[in-house]
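What follows draws every value from the coordinates through simple rules; no lab data is involved. Keep in mind it's a predicted model, so treat the numbers as computed, not measured. Ideal geometry is used to build each Cβ from the backbone, glycine not excepted, and the neighbour counts take in all protein chains shown.
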């Protein structure tokens with residue numbers, strides 16, 4: 001694209017250099033710069049893109065967008081802007097032909113439920129013979145193509161690139177998980193959302209946001225800023241009417257609101273439901289009539305994810321038949337109460353629960369449905385919100401019969417330090433040095449096994465037919481991060497390995 005035309009999409013403070021010629025591509029990673037590219041120097045938390053301007057120029061950048069002029073780069077066009085992240089979004093949007101204008105875009109935020117809701121919406125759209133793009137925690141996918149997710153929400157450049165590529169292959173919709181980090185860092189600036197969904201808000205990421213008020217403010221920007229700025233003619237906010245935080249979101253005139261929940265003011269309201277270890281049966285009152293649904297998903301909390309997906313389908317003008325079929329055909333979500341079959345006939349589940357609310361919800365659901373004992377294996381991540389560690393310890397102690405504390409992703413911290421923090425919440429429960437598979441343990445007990453594979457093995461060793469084993473914290477992840485290395489590790493594969501099941 002002609003560089004003069006491209007630069008018209010952003011607010012330029014000053015220019016230095018020749019504005020003649022074409023731009024062949026955009027990059028915000030100097031290692032990805034090629035000849036004829038424009039490099040955007042994004043200021044980060046740990047490093048500033050300005051540091052890599054010289055490398056970008058050596059790799060072929062003909063223009064650099066940054067916050068300040070660099071005297072050592074006189075041979076390269078320098079474009080000075082106030083906010084490089086916003087500039088990156090607008091430039092990539094222009095370069096790729098504004099693909100978001102041609103797609104129905106759904107953004108989902110909240111502490112828990114984002115991933116499951118994307119899978120449910122995707123299943124409904126597939127049932128209606130649409131072709132959705134999904135951008136989320138597990139992966140980025142379209143039709144049979146999957147790309148491993150680096151971040152829950154990638155940079156705006158990658159979003160526009162994917163949307164443009166898949167749009168040319170027939171994509172009709174885009175479903176995105178929108179994290180609070182992504183909103184705070186401007187990664188979704190300039191995205192023209194049709195729908196924004198708020199699932200819930202509970203304690204998490206306070207290492208980054210510091211307070212719940214800051215965390216809420218970041219999430220609410222999806223509705224109060226980004227949805228407002230969207231160029232779509234009709235825009236929808238879908239909110240959980242039962243969450244007190246979400247009711248504080250300020251919705252501006254012109255945005256249509258749908259609420260889901262059990263409260264009387266909900267537009268999509270739960271009328272009745274039954275849950276079991278085999279799934280959910282429910283009846284909803286909706287703007288298009290009473291709706292009977294069946295889902296293989298486990299846990300009462302998944303009713304909220306289903307209601308959010310139903311609300312999205314309704315505003316997308318999807319028929320009730322397609323909604324019902326889409327909900328019923330979505331068998332499971334990788335690492336979200338994902339059942340792992342085994343020769344012991346124990347109910348073994350792998351789940352991503354890594355916040356207090358998520359752990360409490362999944363354990364509460366399993367406790368209500370359990371046949372015998374609940375055995376919980378979990379840990380907490382290093383270099384993350386330390387305040388939640390004893391809280392999660394208390395939850396596990398209260399809702400499990402046997403708890404095995406183990407490592408999650410310790411990162412730069414010592415695993416023993418993290419486990420000690422969790423143990424502070426393990427009051428009124430007996431600690432044992434080892435678990436005897438021949439002991440029934442009439443009272444609640446816990447033990448500490450730092451090696452995660454050994455911890456999972458011990459849980460499976462002591463589990464009997466009908467026991468529920470919850471392996472929480474990592475879900476779909478296939479790695480474990482230590483101070484000096486990252487190794488391949490999968491909870492699901494560890495279960496298979498223990499039983500000698502081929503992956």
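Brief remarks follow.
- When peptides 456-469, 220-233 are ranked by their average number of other Cβ atoms within 10 Å per residue, the highest-first order is 456-469, 220-233.
- Peptides ranked, highest mean first, by Cβ atoms within 10 Å: ranges 484-492, 211-219: 211-219, 484-492
- Ordering 2, 478 from the fewest to the most neighbouring beta carbons within 10 Å gives 2, 478.
- Ordering 127, 168 from the fewest to the most neighbouring beta carbons within 10 Å gives 168, 127.
- In the chain, helices alone account for a calculated mean residue ellipticity at 222 nm of -8500 deg cm²/dmol, with every DSSP H run of four or more residues adding -39,500 (n - 2.57).
- Checking (1) 24.3; (2) 25.6; (3) 22.8 against the coordinates, the calculated mean projected area of the Cα convex hull in nm² falls under label (1).
- Centre separation in Å (Cα based) which lies between the range 423-499 and the range 282-356: 27 Å
- For the peptides 278-285, 29-36, 133-140, the ranking by packing is 133-140, 278-285, 29-36, with the highest mean count of neighbouring Cβ atoms within 10 Å listed first.
- Helix 84-95 vs. the chain, principal-axis angle (Cα, 0 to 90°, nearest 10): 70 degrees
- Degrees separating the helix 320-329 axis from the principal Cα axis of the chain, which is the longest one: 60 degrees
- Nearest 10 degrees, 0 to 90: helix 356-369 Cα axis against the chain principal axis: 40 degrees
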